Amino acid sequence: MTASSTFNTNFKQYLETTQIKGETIPAGLQELLLAVADTCSTLSHEVAQGALIGLLGSAGTGNVQGEVQQKLDVIANDLLIEGVQGCQSLAGLASEEMELPLPVQGTGDYLLLFDPLDGSSNIDVNVSIGTIFSVLHKQDPAAPLQTTDFLLSGRHQAAAGYVVYGPQTTMALTLGDGVVMFTLNKVSGEFVLIKHAVEIAHSTKEFSINMSNMRHWAEPVRRYVDECLAGVSGERDKDFNMRWIASMVADVHRVLSRGGIFMYPWDQREPHKPGKLRLMYEANPMSFLVEQAGGASTNGDQLIMDLIPTELHERVSVMLGSKEEIERLQHYHSQDS
Ligand code: AHM
Ligand code: MG
């Protein structure tokens, strides 16, 4: 059997033929997800050109988060906005790069949120980056769009996923009934189904955190990582390996692919902010994927999917991945409080 005959379901066919909990995927959601995937296919092509089309470097602007925008942050944001403009059931969208939501149809069943280009610090050094997206059910589809419509917990997501632009361009997607993965066929421009029922192993020997922040961490995180580092000579019955790519998309892709735990916890550098990563554009979609793959995701005290946002650009402490490790971290946090 050739590789091409082994993988013969493209994304459009997948959406048309799949049932989620016994129901076909609504046409409006199919249209929206296809538009996102098509845009990411285009973006993958642009990312791969890099310096050849003048894509590297700073855009000379800042975003609402006070961060310097890279050229690719701006291009990815514009491409996604343009790509979903025609979607009939998309009421509006919100982006990590924009202060306010943007109405699309104004009314409709869905709201789209995205981090257009995650891992911006890796663009210029040719390391994996990605796009993260989340689709929320709009509570009152007929009512005109308001910013508060977006302030829903992750449990209201109809779909979530990411596209990682690495050696391969791969998309992970959940519609609330498991996780599937697709790889972009760069010749046809189509995403092709490569994996069903992705599962994160319950136990792991691999953790992922920016160790340079160790001195700023809270006690439960420090205790957990200290024990991983001590391995069999300490509290744990195994030795651990560590990985940190500094693109959440790539780090979470590794967790979904071979297990592990990813952490970007609260730390004392900015004591009044709850964390670095964004709840709506990063933590919620990744938490939906991780839960659907049998893992867990917490801020230490609560499951991330249960948090009710009070503002669009809210930040959060994130620990996600293999269930046993997340339960251990939650236990350490409960002992500390
Ligand atoms: P970005 O969306 O501006 O790229 O920032 C988020 C990124 C995550 O992808 C990654 O996990 C983290 O920030 C890396 O942070 P650090 O540079 O502190 O290691
Ligand atoms: Mg990001």
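The values are calculated or read from the model by the stated rules, or taken from the named source; none is laboratory data. All values reported here derive from a predicted model rather than from experimental measurement. Note: ideal-geometry Cβ built from the backbone for every residue, glycine included; neighbour counts use all protein chains shown.
A few remarks follow.
- Test: residue in the range 139-148 that is charged (D, E, K, R) and under 21 Å from ALA296 (Cβ atoms): no
- Within the range 1-107, strands (runs of 3 or more DSSP E) holding 1 or more residues that are surrounded by 17 or more Cβ atoms within 10 Å (Cβ to Cβ) and touching a residue at least 12 places away in the same chain (Cβ under 8 Å): 68-70, 90-95
- Entry remark, the range 215-246: residues being within 24 Å of SER121 (Cα to Cα) and either of a type in the set (Lys, Arg) or more than 24 Å from the chain's Cα centre (by Cα) (or both) number 3 in total.
- For TYR165, the criteria (1) hydroxyl-bearing (Ser, Thr, Tyr); (2) more than 14 Å from ligand 2 (Cβ to nearest atom); (3) surrounded by 24 or more Cβ atoms within 10 Å (Cβ to Cβ) hold in every case but one, which is (2).
- Positions within the range 216-233 being among the polar types (S, T, N, Q) and not in a helix (DSSP H, G or I), in sequence order: none
- LYS186 away from ligand 2 (no atom under 16 Å from the Cβ), at negative phi and either without any contact (Cβ under 8 Å) to a residue 40 or more places away in the chain or in contact with a helix residue (DSSP H, G or I) (Cβ under 8 Å, 6 or more places away or on another chain) (or both): yes
- The range 108-125, residues that are crowded, with 17+ Cβ neighbours inside 10 Å and either modelled with pLDDT under 95 or in a helix (DSSP H, G or I) (or both): SER120, ASN122, ILE123
- Residue match in the range 213-233 (condition: of a type in the set (Val, Ile, Thr), away from ligand 1 (no atom under 16 Å from the Cβ) and more than 30 Å from GLN335 (Cα to Cα)): no
- Annotation: of all residues in the range 202-221 being surrounded by fewer than 17 Cβ atoms within 10 Å (Cβ to Cβ) and among the small types (Gly, Ala, Ser), the one that is farthest from ligand 2 (Cβ to nearest atom) is SER203.
- Of all the residues in the range 66-125, those that are within 16 Å of ligand 2 (Cβ to nearest atom) and in contact with a His (Cβ under 8 Å, 6 or more places away or on another chain) number 1.
- Positions within the range 108-140 being away from ligand 1 (no atom under 16 Å from the Cβ), within 29 Å of THR42 (Cβ to Cβ) and not hydrophobic (A, V, I, L, M, F, W, C), in sequence order: GLY108, ASP109, TYR110, HIS137, LYS138
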